[in-house]
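Trainee: Here's a structure for you.
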Amino acid sequence: MERRDLIRTHNFIKEAYLTLSLKMPLNKITVTSVINEVQISRSTFYAHFQNIIELREKVEQDFIDNKLNLLETMDLEKLGENPYPMRIKGFEMCRRNAKYIRGLTDDGKDDPFFTAINMS
């Protein structure tokens with residue numbers, strides 16, 4: 001079992017990345033900007049992530065996993081009869097996370113994450 005303080009720090013780093021994604025283009029986010037945002041040491045960052053690319057991939061994967069978890073709550077047998085409740089839940093989730101989606105897609109520029117969330 002992971003220690004709570006490690007989980008909390010891991011989540012703070014991911015949240016810092018999301019916050020920075022709202023302030024600057026993704027290709028400008030660096031390890032330094034993340035550690036300054038969350039106020040941790042460089043060694044703490046590297047204890048959790050190998051690099052900024054791994055951090056971004058983890059943040060993106062978390063979002064996709066949340067979308068897939070939402071699907072698991074749906075009765076998929078009824079999906080063929082009426083797909084709208086599932087689509088509504090998906091849109092509501094996207095609306096709740098719209099600012100982060102904009103940040104992770106570099107404000108709508110062509111981006112693999114944008115494709116990934118539309119495919120899941």
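The values are calculated or read from the model by the stated rules, or taken from the named source; none is laboratory data. Keep in mind the model is a prediction, meaning the values are calculated, not measured. Here Cβ is always computed from backbone atoms with ideal geometry, including for glycine, and neighbour counts include all displayed protein chains. The protein model used for the area step is the full one, side chains on, heavy atoms only, and it has no ligands, DNA or RNA in it. Shrake-Rupley method; radii C 1.70, N 1.55, O 1.52, S 1.80 Å.
Trainee: Averaged per residue, what accessible surface does the stretch 1-91 expose to a 1.4 Å probe, in Å²?
Mentor: 69 Å²
Trainee: Which pairs break 23 Å Cα to Cα here: Lys78/Lys99; Lys14/Lys67; Lys28/Lys67; Lys28/Lys89; Lys58/Lys78?
Mentor: Listed pairs above 23 Å: Lys78/Lys99; Lys28/Lys67; Lys28/Lys89; Lys58/Lys78.
Trainee: Here is a follow-up. Taking the Cα centre of the stretch 1-54 as the origin, how large is its charge dipole in debye, to the nearest 20, when only Lys and Arg (+1) and Asp and Glu (-1) carry charge on their Cβ atoms?
Mentor: The dipole magnitude comes to about 60 debye.
Trainee: Let's test the formula: R0 of 22 Å, r as the Cβ-Cβ distance of Asp75 and Lys99. What FRET efficiency results, to the nearest 0.05?
Mentor: After rounding, the FRET efficiency stands at 0.10.
Trainee: Next question, about the same structure. Loop only per DSSP, at most 16 neighbouring Cβ atoms within 10 Å: give me the GluC sites (Glu not before Pro) in the stretch 1-59, ordered by residue number.
Mentor: Glu2
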